[in-house]
Ligand SMILES: [Zn+2]
């Protein structure tokens, strides 16, 4: 059966748009949405493209946004990082600030939690979060080599800045990290979720100590493999690091 066009101009318009539509539909279907959108924009084919990120995995791989990807830079001093335009302040919650996290962790296995569900469940480890080097592959600020996997999110902070527990939990490590973290504190939040705080100038907690969300646990520094004062913050799920920005 052949469909008979009622409005030839409409079909003309449709056919003119179809190559672009095919590309975006392919991009969305194959999960390369954001990259395809950026590639199209870069090629000058379109001025504005909005292709939805199709999965939390994609969001993680692309660094959540172009702005974050564009902010890739080595570990930096607080002075340089102060120019980074992306910042957030700590969100204070009345009642039980850990409630959302507890609910999330009790509802499902921590390994199956999506970025959409985890966003906002951890508190900010610094009063002001100024992102520096992001989680994931990057050029090493120490060796200059490409393809180094950066296990956490760096936040610019002058040495001596108060570092807060991202959620309530138990301190499971406080000491020297032999693999570059310098003075490091690890907090176990239960259900396979841990956070770590690195390059500290000093820590004010002991192993076994229970801490509450927002407690000052340490002061930031530049100990270990670090080129300037900042906080290297990690989130671990069942022992594997994940993008901390997916939890803040
Ligand atoms: Zn780092």
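Coordinate-derived values only; no laboratory data. It should be emphasised that the depicted structure is a prediction, and the values quoted were computed from it without experimental measurement. Heads up, the Cβs are rebuilt from the backbone with ideal geometry, glycines too, and the neighbour counts pull from every protein chain shown.
Data overview
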read-out	value
Rounded FRET efficiency, nearest 0.05, which uses the C-beta distance separating residue 227 from residue 170 and R0 of 30 Å	0.40
Segment 194-239, relative contact order in percent, only Cα pairs under 8 angstrom and at least six apart counted	51
Two-site label geometry, residue 146 and residue 127: point separation in nm, points 7 Å out along Cα→Cβ	4.2
Projected label distance in nm at residue 139 and residue 212, using a 7 Å step from Cα toward the beta-carbon	4.6
Length added when fully stretched, residue 158-residue 96, from 0.36 nm per residue minus Cα-Cα	19.3 nm
Per-residue Cβ neighbour rank within 10 angstrom, fewest leading, 100, 210	210, 100
Volume in Å³ per residue [convex hull over Cα atoms, computed for segment 113-246]	97
Segments 104-117, 224-237 sorted - mean Cβ within 10 Å per residue, highest first	224-237, 104-117
